[in-house]
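The values are calculated or read from the model by the stated rules, or taken from the named source; none is laboratory data. Everything numeric in this text was worked out from a predicted model, so none of it was measured. Neighbour counts are summed over all protein chains in view; Cβ atoms, including those assigned to glycine, are modelled from backbone coordinates with ideal geometry.
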Amino acid sequence: MSSTFISLIEQLYCGDYLVHVVRSEAFLRELGYSFSTYVTEGEEPERVDVKFCDLVHELSSCPETRELAYERLYRHQWEALNYLEQGYNVILKSGTGSGKTEAWVMYFLRRAKEGGLRAIALYPTLALANDQIRRIERYARAVGIKVLQLDAPRRDELIKKLGSHGLRREVSTANLVITNPAYLLHEVKKLVLNPSRPYLYHFFRKLDLVVIDELDFYGPRSLALLLAMLRVISMFSEVKPQVVILTATLANPDDIGQYLREVTGRDYRVVEGKPFHVKNFTYVVLGKNLEGIWRKLSDLYSKLATRGDIDGEVLEALKDFEKFRRNPHRVLAYLSALGFEVPTLGIDLCEILQRYVEDDGVTLVFTRSIARAEDIARKLKSSLGDKGELVATHHHLVPKKVREEIEERARKGLVKVIVSPRTLTQGIDIGTVVRVVHVGLPEDVREFYQREGRKGRRRDIPFTETLIIPSSRWDWELLTKGSEVLEKWLKLPLEKTLVNPSNDYVKLFLALAKLLSPWMRVPLSDDEVKLLKDLGVLRGEKEINERLIKYIWERINFYEFGPPYGVKRYLSDGTEVKVLEPIGRCDLVERFQVGCIDVANLAMVTDLKLSKRGRSVTAVLEQPLNCINFYESDVLADAYEEYILVKREWGEEPNFLRDVVKGKITSQVHCVVYPPRMGFGLLRKLPNRVVWIITSEKPKIIQVQNRHVVTYSRRAIYVPSLCVGEYRDYTYGILVEVDEREDPVLLRLGLAYITIILRRVLGIPLETILYGVEKVGEKKFIELHEPEASGVLQLLDWSSIRKLVDSYVPDDLDLVLLSQVDEVAYSDFISLNCSWEVVREAAKRVIDYLELRHRLRAVLRGREITIPRPSRGLKLVTFDLLIHELPEERVRFPRYLVAIAYFDGDEVRTVVETCYGTTFVKPPEVLRLLEVELEEYVYYDGYRLLVPGRDVVARELEVVQLKRLVKLVKEHGVDVYEHLRNAGIEPTSVPTIIEELKVPELELSLEPSIETVHSVLTKLTQERRSELTRNERELVERYLANRVKALYVLYLLADSLLSSKQSG
């Protein structure tokens, strides 16, 4: 039976399904394409025996809602509804397509019918939530309840139509207002200053329900402002509102639940549900006529097999077509790097996409730029002739009204293929989307899943498809490392959404509101007072810096710190000027300086318009890349000439536009960052210079830990443009001085490695923490900051992160992620031929420095002293031992029980062993290994060896013939007791000092006591035993472990006392 006939059968007969889907596998084989396939089985949440019309009977009598009315609820919808009926706040965590909207809407409709319940529902933007809003409005119409959409554009439209008083009447008669957080913040800030001013006054006065949908959309700073707004609204409202949070990836629901309980006085419940999706087939299109390509290349096997330096997997692929078919990109790139001419993996996009106009459903095609989307659509329409009207593009340059028409036509089956850069990735649910085609993968896994989430949201769709068609540098970075690396990337879990109620940004907003508001008669908390003093808002006990408080309050807006309007952008080709979407101040500084490439519009920033005083940018001017004459600008001409030179050096033909389209040229703005030095404070970011990062077309081979890796050469070209602008915000930062001997390149690699581990192991997004290695004179610093205040830097347990770094085993995907995280670090890794082991050690040193920041409060004999928190970063290791002569045996040499322990600031190592006290017998291997370990601490890692009495310890070591330790102690031992005397503490009894010393954050103990240990050893002698029981051994080990920890803290105490004396 032919594959064409099978495809036809699948289209015509799909059982009970109403939507018929073209099966790509059949026609791809027919056209000669090879591909990898991954199958994801369908999933549907469990249902309960309750229909929607049982809850809201009006749904069954309305044609718009009759289909939903007779459906049974999912279990998580039913549980959420029940908890809401009982008065709880609800956090509903479930995946795409699982009906989270219906869970709260049914509760709202039931309550609104009974007695005028008022609710506010928040969506990131109303434009991207059209589908949810339409569904809500249909349900509300069925019941006769008024719903009002309100954001800034809609407000202006209603004021123009109804007047200001008319708008207030419109709001007061609604039961549900659907808005976005940016507009809500604008209203809440008005509420703080004058309660009668907000158009939402009537809702604020008595608000019963707040719904926050798409929580995963927001960054940390925005999440902090959402929490702060909830508290202000709860303080003003006559009733404490219920809160519903809808999320797919929230990592810590209990933290936000406890915050809501504190704010609203209501307990909370977390409800989890499964996502809904039908069976999905993923095809990675590898190329056309692969077998023919393999046959041409297989002749190379005999030539390469004798060389001895060729990757084994490549040789196997030249012998075995199946192995070649699985990794053609890697094999071709490897051979190209060796200098062989290799054929291309030709993919004709149009011949694939034109098959999809025969579907009942809709195919979404995602690209990396608007220009690419338009180009694909134009070619596809041309190839389809009369059927070209079934194809449309969808992006922000298409007017909003036209975009809405395209969506509606797609719902009616009049548009079958929509090509878009990213405007369809969130919030749009056309319903009949059966396929997503990725023409080039996004670099962000979250965006990949957002694209994927648009399809398969109806049960009458038999299956869905994902097509990945490699077309950009990022795809090649993944595929040239092997198909298993792409598979690992596709299976990366989503980044976690972490809500931090203790974020100082929440406190900042609330503290400012309390100072400015005439009605918030709540005193500042101690934490808020300290925060405002640290930021300079409060001077002394009562004086307020009025100018600063006004400056901060006016600039706290939802998506960034700055004026509530963006910087205008224009695209001019010399004949026509198009208005582009405005950008924020942060984007201006980081991405839109002169010489920056705007990939979405295939354009370049060529000029910035400044205000009359020249202090701020009023507009960004761009030109399409195909219209730019680089030589008309001295700034661009120099950089362009350097680009041509680099391409010639690599033996490649310069073509700037083509290289941008293929992702071979990207731009970055290197910024000078002034972060908070220690904790929460003001961040300043100034653009310093624009850089073009060029990637070669021809690959090269490097070796990473005995594995051949195919990669590409990179070169940075500085664009000598004048950078202008500044971005400010309040966030968290750390600035730590490091040893002058440290190599900045290795430190940067270590920081990048930590970032990758935080992403892959803990799910923390790559952009949560940014870093740098700075040099001022001869001093070197590590700088970390959060571009958006999340408080993660304060929450991370660096000692636990150090253990993760120690145990983490890197793979080829990490090399790809390194190029994404830090182009500079990646280039250094390649050029220096680094190993992951070197990078791991650098990461551990970075963590050591970070741990040095923390100091602890200690109290001794009524005096308060601060000491560093024990850490490997202090480069101290305490050492102590206990020896006991064992009962005589019938031998000539004395025999000893030896117990030794050391503490490096993080971990304790203990050894209990027996040995002979003679020069003619080596100590046991375990003791000699411990000697080596301590030598490495001192000689290689630069640690100071701390001992309780240098001479006494050396004599005891001589007795048991640990000669290397004797030498180490005599030459490098630091006497803790002597250090205590110098600090004015007589160390007559360590247990007495420890008893008097109070360090609340540390557990210090000398239990078991020396008397207990002595009785154990005495019993050993009396019973003429040479071995301790297990319990006795554990007791001795515990005694020594506690002792070396105590000696470590006593040294820190003495050191802090001596430092304070010297500074005094």
(request) Residue by residue through the range 674-702, note down the ones that are of a type outside the set (Phe, Trp, Tyr), over 26 Å from Leu441 (Cα atoms) and buried (at least 19 other Cβ atoms within 10 Å of the Cβ). (result) Pro675, Pro676, Gly681, Leu683, Lys685, Pro687
(message) If I ask for residues that are touching a Lys or Arg at 6+ places or on another chain (Cβ under 7 Å) and surrounded by 22 or more Cβ atoms within 10 Å (Cβ to Cβ), which ones from the range 111-129 would you list?
(response) Arg118
(message) Among the listed residues Glu1007, Glu1011, Glu1003, identify the single one that is loosely packed, with under 13 Cβ neighbours inside 10 Å, assigned to a loop (DSSP other than H, G, I, E, B) and free of Cβ contacts under 8 Å to residues at least 24 places away in the same chain.
(response) Glu1003
(message) If the requirement is being closer than 30 Å to Leu498 by Cα, in the same structural domain as Ala112 (by TED's automatic domain parsing) and part of a helix (DSSP H, G or I), which of these qualifies: Leu158, Leu226, Leu167?
(response) Leu226
(request) Could you tell me whether the range 737-754 includes any residue that is touching a Phe, Trp or Tyr at 6+ places or on another chain (Cβ under 7 Å), assigned to a strand (DSSP E or B) and not polar (S, T, N, Q)? (result) yes
(request) Specify the residue that is nearest to the chain's Cα centre (by Cα); the eligible residues are those in the range 210-228 that are within 16 Å of Ile178 (Cα to Cα) and buried (at least 21 other Cβ atoms within 10 Å of the Cβ). (result) Leu215
(request) Being farther than 30 Å from Arg221 by Cβ and modelled with pLDDT under 90 narrows it down to one of Glu778, Glu841, Glu767, so name that one. (result) Glu778
(message) Give me the residue from the range 925-942 that is in a helix (DSSP H, G or I) and not hydrophobic (A, V, I, L, M, F, W, C) and, out of that set, nearest to Tyr1048 (Cα to Cα).
(response) Tyr937
(request) Report whether or not Val434 is among the hydrophobic types (A, V, I, L, M, F, W, C), touching a Ser or Thr at 6+ places or on another chain (Cβ under 7 Å) and at pLDDT 85 or above. (result) yes
(request) Residue by residue through the range 553-585, note down the ones that are part of a helix (DSSP H, G or I) and surrounded by fewer than 20 Cβ atoms within 10 Å (Cβ to Cβ). (result) Trp553, Glu554, Arg555
(request) Could you identify the single residue in Ser831, Ser835, Ser819, Ser800 that is modelled with pLDDT under 90, closer than 20 Å to Val669 by Cβ and outside the structural domain of Leu223 (by TED's automatic domain parsing)? (result) Ser819
(request) All but one of (1) part of a helix (DSSP H, G or I); (2) at pLDDT 90 or above; (3) buried (at least 18 other Cβ atoms within 10 Å of the Cβ) hold for Leu945, so report the exception by its number. (result) (1)
(message) Show the residue pairs meeting these rules: Cβ distance below 6 Å; 6+ apart or different chains; first residue within the range 132-143 and under 11 Å from Thr101 (Cβ atoms); second residue assigned to a helix (DSSP H, G or I).
(response) Gln132/Thr101; Ile136/Val105; Tyr139/Val105
(request) Determine the pairs where a residue that is touching a residue at least 12 places away in the same chain (Cβ under 8 Å), located within the range 655-678, has a partner that is of a type in the set (Ser, Thr, Tyr) with Cβ atoms under 6 Å apart, the partner being 6 or more residues away or on another chain. (result) Gly663/Ser472; Lys664/Thr695
(request) Pull up the range 390-416, narrow it to residues that are farther than 27 Å from Asp573 by Cβ and part of a helix (DSSP H, G or I), then point me to the one that is modelled with the lowest pLDDT. (result) Glu404
(request) Could you tell me whether Ser60 is assigned to a strand (DSSP E or B) and polar (S, T, N, Q)? (result) no
(message) Name the single residue that is surrounded by the most Cβ atoms within 10 Å (Cβ to Cβ) among those in the range 900-926 being in contact with a Lys or Arg (Cβ under 9 Å, 6 or more places away or on another chain) and acidic (Asp, Glu).
(response) Asp904
(request) Go through (1) under 27 Å from Glu576 (Cα atoms); (2) touching a Lys or Arg at 6+ places or on another chain (Cβ under 6 Å) one by one and return the number of the condition Leu380 breaks. (result) (2)
(message) Restricting to the range 118-155, name every residue that is among the small types (Gly, Ala, Ser) and in a helix (DSSP H, G or I).
(response) Ala127, Ala129, Ala140, Ala142, Ala152
(request) Output yes when any residue across the range 435-442 is within 27 Å of the chain's Cα centre (by Cα), surrounded by fewer than 21 Cβ atoms within 10 Å (Cβ to Cβ), touching a residue at least 24 places away in the same chain (Cβ under 8 Å) and part of a loop (DSSP other than H, G, I, E, B), and no when none is. (result) yes
(message) Among the listed residues Leu929, Leu897, identify the single one that is touching a His at 6+ places or on another chain (Cβ under 7 Å) and either in the same structural domain as Gln1022 (by TED's automatic domain parsing) or surrounded by fewer than 17 Cβ atoms within 10 Å (Cβ to Cβ) (or both).
(response) Leu897
(message) Let me spell it out: the conditions are (1) surrounded by fewer than 16 Cβ atoms within 10 Å (Cβ to Cβ); (2) at pLDDT below 90, and Lys662 meets all of them except one. Which number is the exception?
(response) (1)
(request) Inspect the range 399-406 for any residue being surrounded by fewer than 17 Cβ atoms within 10 Å (Cβ to Cβ) and of a type in the set (Val, Ile, Thr) and give the result as yes or no. (result) yes
(request) Starting from residues that are in contact (Cβ under 8 Å) with a residue 60 or more places away in the chain and in a loop (DSSP other than H, G, I, E, B), keep the ones in the range 988-1000 and report whichever is nearest to Val859 (Cα to Cα). (result) Val999
(message) For the range 679-699, give me the residue count where each residue is in contact with a Ser or Thr (Cβ under 6 Å, 6 or more places away or on another chain), more than 19 Å from Asp822 (Cα to Cα) and free of Cβ contacts under 8 Å to residues at least 60 places away in the same chain.
(response) 0
(message) Suppose we filter the range 143-169 for residues that are in contact with a Lys or Arg (Cβ under 9 Å, 6 or more places away or on another chain) and either surrounded by fewer than 18 Cβ atoms within 10 Å (Cβ to Cβ) or closer than 30 Å to Gly453 by Cβ (or both); how many remain?
(response) 6
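Quick grid of which residues meet (1) crowded, with 21+ Cβ neighbours inside 10 Å; (2) part of a loop (DSSP other than H, G, I, E, B):
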residue: Phe27; (1), (2): no, no
residue: Ser36; (1), (2): no, no
residue: Asp49; (1), (2): no, no
residue: Leu73; (1), (2): yes, no
residue: Ala80; (1), (2): yes, no
residue: Leu84; (1), (2): yes, no
residue: Gly95; (1), (2): no, yes
residue: Glu102; (1), (2): yes, no
residue: Leu109; (1), (2): yes, no
(request) Can you tell me which residue within the range 301-314, out of those that are within 38 Å of the chain's Cα centre (by Cα) and part of a helix (DSSP H, G or I), is nearest to Lys700 (Cα to Cα)? (result) Val314
